[in-house]
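J.: To start, I am sharing the structure in question, which I have written as structure tokens.
The values are calculated or read from the model by the stated rules, or taken from the named source; none is laboratory data. Everything numeric in this text was worked out from a predicted model, so none of it was measured. Please note: Cβ atoms are built from the backbone with ideal geometry, for glycine as well, and neighbour counts cover all protein chains shown.
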């Protein structure tokens, strides 16, 4: 086994986790009016221009953040080579965005006392690797599809149908929205109590909130078994679950063509989110991954699945 090579890979992996975490933290720290990198986004999830597949997990956040900072309207991204293969050219001086993927490590081998070679079969090992991509607005020779440059119409009927197909029990009449684990019940205010914002209409705010609570619903022990029964407001586990639900809602809203907006209770959560993320460079990766799993679970119930990178 090449120890020096393994150490180098471990260092590179740690640097990647920190690099991505720092990007997300910076964006969240500089937010005003509780706006996060994932708010808005009715134009959809970031997609790879060559495969037409949507990015998933932390890559979605990274590319949303890059689009927000640079004002990109296109959701298409690709590597330098992918753009070149399509006959497009990245403009000189354009800065690439780093995304990540996991690559299988070779199975470890060692010799036993008899000299026979032993191959570890029990579990796979993965290493985090980096790739760089450019947005469609950073290249020449590529025509952005018309549907990207035209404002996407809200598909509220589609969202309503999506929610109904999950089979979740939802009741209205409360002053606030929450998921009651013991009763496996989503409790919502009346739709008429929601108001519009600069980035979303009142109906969009209502549906984004239900999708947030549906994310919590996926964490029930009979589904993805993610929610810790001992979690309390202010704890790291509570903050993590809220971040997972927030990201799940953002991912689903992007898929369904619904704009999202910050809620006032985000003021209570942002400090906790930042504390958790700053204390663990892998926390945002975990939250994004769990949000992807939750979104995929709900998509599976509604038969609206799409293949994610």
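J.: When the residues of segment 157-180 are filtered to those that are in a loop (DSSP other than H, G, I, E, B) and surrounded by 16 or more Cβ atoms within 10 Å (Cβ to Cβ), which remaining residue is modelled with the highest pLDDT? Before you say what the answer is, go through the steps one by one.
T.: The initial filter retains those residues of segment 157-180 that are in a loop (DSSP other than H, G, I, E, B), namely 167-169, 173-177.
Filter once more, so that each one left must be surrounded by 16 or more Cβ atoms within 10 Å (Cβ to Cβ): 168, 177.
Numbers: 168: 98, 177: 93.
If we take residues in segment 157-180 being in a loop (DSSP other than H, G, I, E, B) and surrounded by 16 or more Cβ atoms within 10 Å (Cβ to Cβ), then 168 is modelled with the highest pLDDT.
J.: If you don't mind, another one. Going by the conditions given, is residue 106 under 22 Å from residue 294 (Cβ atoms), in a loop (DSSP other than H, G, I, E, B) and at pLDDT below 85?
T.: Values: under 22 Å from residue 294 (Cβ atoms): no; in a loop (DSSP other than H, G, I, E, B): yes; at pLDDT below 85: yes.
Spelling it out, it is not the case that residue 106 is under 22 Å from residue 294 (Cβ atoms), in a loop (DSSP other than H, G, I, E, B) and at pLDDT below 85.
J.: Moving to a separate point now. Within segment 15-36, is there a residue that is buried (at least 18 other Cβ atoms within 10 Å of the Cβ), modelled with pLDDT under 90, in contact with a strand residue (DSSP E or B) (Cβ under 6 Å, 6 or more places away or on another chain) and part of a helix (DSSP H, G or I)?
T.: yes
J.: Might you let me know whether segment 184-205 holds any residue that is touching a helix residue (DSSP H, G or I) at 6+ places or on another chain (Cβ under 9 Å), at pLDDT 95 or above, within 22 Å of residue 231 (Cα to Cα) and in a loop (DSSP other than H, G, I, E, B)?
T.: Yes, because at least one residue in segment 184-205 is touching a helix residue (DSSP H, G or I) at 6+ places or on another chain (Cβ under 9 Å), at pLDDT 95 or above, within 22 Å of residue 231 (Cα to Cα) and in a loop (DSSP other than H, G, I, E, B).
J.: So, of the residues in segment 38-54 that are in contact with a helix residue (DSSP H, G or I) (Cβ under 7 Å, 6 or more places away or on another chain) and at pLDDT 95 or above, which turns out to be nearest to residue 75 (Cα to Cα)?
T.: Going through segment 38-54, the residues in contact with a helix residue (DSSP H, G or I) (Cβ under 7 Å, 6 or more places away or on another chain) turn out to be 38, 41, 43-46, 49-50.
Subset that is at pLDDT 95 or above: 49-50.
Working: 49: 9, 50: 13 Å.
The selected residue is 49.
J.: Say whether the condition of being in contact (Cβ under 8 Å) with a residue 12 or more places away in the chain, surrounded by 14 or more Cβ atoms within 10 Å (Cβ to Cβ) and part of a strand (DSSP E or B) is met by at least one residue in segment 62-77.
T.: Yes, some residue in segment 62-77 is in contact (Cβ under 8 Å) with a residue 12 or more places away in the chain, surrounded by 14 or more Cβ atoms within 10 Å (Cβ to Cβ) and part of a strand (DSSP E or B).
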